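A short write-up of the structure that comes next.
The values are calculated or read from the model by the stated rules, or taken from the named source; none is laboratory data. Here the structure is a predicted model, which is why all the values come from computation and not from measurement. Backbone-built Cβ (ideal geometry, glycine too); neighbour counts: all protein chains shown. The accessibility values were calculated without ligands, DNA or RNA, using every heavy atom of the protein model including side chains. Shrake-Rupley method; radii C 1.70, N 1.55, O 1.52, S 1.80 Å.
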Amino acid sequence: MSDAMPGQPSGSGPVVEGPHDPEHDPRAAYVLEPEVVARLTDRILSTTGTTVQVSSPIDGAPVANIPQSSEDDVAEAFRRARVAQAAWARVSIDERARILHRLHDLVLARQDEIMDLIQIESGKSRKHAFDEPIHIALTARYYARTAHRHLDPRSAPGVVPVLTRIEVNQMPKGVVGIISPWNYPFTMALCDGLPALLAGNAVVTKPDAQTMLTALYGAQLLEDAGFPRDLWQVVAGPGRKLGTPIIERSDYVCFTGSTATGKVIARQAAERLIGCSLELGGKNPILVLRDADVERAAEGAVRASFSNAGQLCVSTERMFVADQVYDRFVERFVARTKAMSLGVGLNWDADMGALISEDQLEVVTRHVEDAVAKGARVLAGGRARPDLAPYFFEPTVLEGVTPDMQCFGEETFGPVISIYRFHDESEAIARANDGEYGLNGAVYTRDVARGREVARQIKCGTVNVNEAFGATFASIAAPMGGMRESGMGRRQGAEGIHRYTETQSVGTQHVLRFGPMLGMSDRAYARFMTASLRVMDKLGRA
């Protein structure tokens, strides 16, 4: 790594060690220095004495032994978080925003260390690892710069002009529980929690075990930026063991993962009458209309389909292409796919890296083999590549996928895309809306107004016109989340921070009281109020 890790003096030695250079010697292992691992895992609240070993999908080399937390550890994490939150809520919005903006600077300065950890734990290419520190920097900057807009008390019209004053306050909920996934371990470990901190909350988070070190480095950066250490608690362990204890103690829950697990969390949150936001599964579509710029659409489709080897919540698994451009588009898309540079390593050489685990490889392999056995045609890829990495699968393009094939409606979450021809746009929109998911979509057309019109007919929480996913996901002011079984709630924008607040209305009444005055009877008071309402209506008052 290019710069010193937090707590490691510059020049004290590399974070990645070994007798050989991994970029030039296939015998070399990507192994983190033990003291670096110990410094990071020390942030986990764990008293069990048990650990789980995590290996790198790059080469299978051990990365770390992750201490495991118990339910008692979860309880202690929430106790510490509540103490810290009580003090943090009294810190001014300006000071919270200043610290958050400092995080922006630290993330940009330490992006090489962040990307190294992401790649070691997830196996993704460096170009896709780069997306993560950039997204967190954007998130930190947006909320730091808009803190007063979202959190300042605001006035609302009172029932009686001048005499009734209404003030609306955004009050922190308390302690937010966040359960984050492995696919974007830095982004997802931090992006939901940053607005929670800015709003005056504390966070207890349970990152995925496979990418725990990346999440812990994010926690270290928060402390380096100036956030109190106890404000961000980290526990580790399987969701089936720690999920319920987290939900039972949270004032709000944020989860990114499968639809099946999301439904369980929603039921548990409902039982406690607490809010939750859930970003869940997807089977995201792209529509390439008859007037699309074929080259631009092909470039975008490659990113949409194969970013992080397809392990991206908003990545595309279904593509609907107008008959008029189908052949030209498929030729260019397949050519671009076959030209991709494949591999693993802490460099910028690869266009696509590995899958993260044997489980992911098994799902991808099963979906492709099932489709081929039932008649689908492989236009590109279609094979596992253990010569590149233990869990590597080629970027794969399928044609002729039918409803009886597993990959038709099930989420693959891998580098597999199915292409379908359509004859009219209404048919394409209907097919894009098939199924129960609704996370992200894209439309390619030279007629931007038409593209936006089509987008409004697609049942997805975000839709991009002439872009795969970046236009919405990188625009932090734009709310992002799913419709239907792709989730509930939104991250980013005003909704992304207000979900962590309780709205309080304070009304102050002057002179006039809401009852008979000056000797009025109840009947006279009713006539007076009726006449007053009619006058205010004529004056255009809401």
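Brief remarks on what is shown
- If the chain linking Arg377 and Lys538 were pulled fully straight, counting 0.36 nm for each residue of separation and taking away their Cα-Cα distance, it would gain 51.2 nm.
- Highest-first packing order for the peptide set 204-212, 187-195 is 187-195, 204-212, based on the mean count of other beta carbon atoms within 10 Å.
- At the residue level, Arg328 shows approximately 130 square angstrom of accessible surface with a 1.4 angstrom probe and all protein chains present.
- Packing order of peptides 146-159, 374-387, 441-454, 516-529, highest average first: 441-454, 374-387, 146-159, 516-529 (average count of other Cβ atoms within 10 Å over each peptide's residues).
- Under 11 Å, Cβ to Cβ, from Gly400 - net charge with Lys/Arg +1 and Asp/Glu -1: +2
- For segment 271-358, the solvent-accessible area of protein heavy atoms averages 34 Å² per residue (probe radius 1.4 Å; ligands and nucleic acids excluded).
- Note on the chain: with neighbouring protein chains present and a 1.4 Å probe, carbon and sulfur make up 52 percent of its accessible heavy-atom surface.
- Three principal axis lengths of segment 309-442 [C-alpha, angstrom, descending]: 45, 29, 28
- Net +/- balance of residues flanking Thr47 in space, Cβ distance below 9 Å, scoring K and R +1, D and E -1: -3
- Per residue, the accessible area of segment 64-104 comes to 46 Å² when a 1.4 Å probe rolls over the protein heavy atoms.
- Distance from the C-alpha centroid of segment 432-502 to that of segment 88-133: 24 Å, rounded to the whole angstrom.
- Centroid-to-centroid, using Cα positions, segment 295-334 and segment 348-419 are 14 Å apart.
- Cut-off 11 Å between beta-carbons: net charge of the residues surrounding Ser258, Lys and Arg +1, Asp and Glu -1: -2
- Magnitude of the charge dipole, the chain, Cβ model with Lys/Arg +1 and Asp/Glu -1, debye to 20: 2720 debye
- Accessible area per residue, Å², segment 125-171 with all protein chains present, probe 1.4 Å: 47 Å²
- With N as its number of residues, the chain has a Cα radius of gyration that, divided by 2.2 N^0.38 Å, comes to 1.08.
- Relative protection proxy for 237-249, 262-274, from highest mean packing down: 237-249, 262-274 (other beta-carbon atoms within 10 angstrom).
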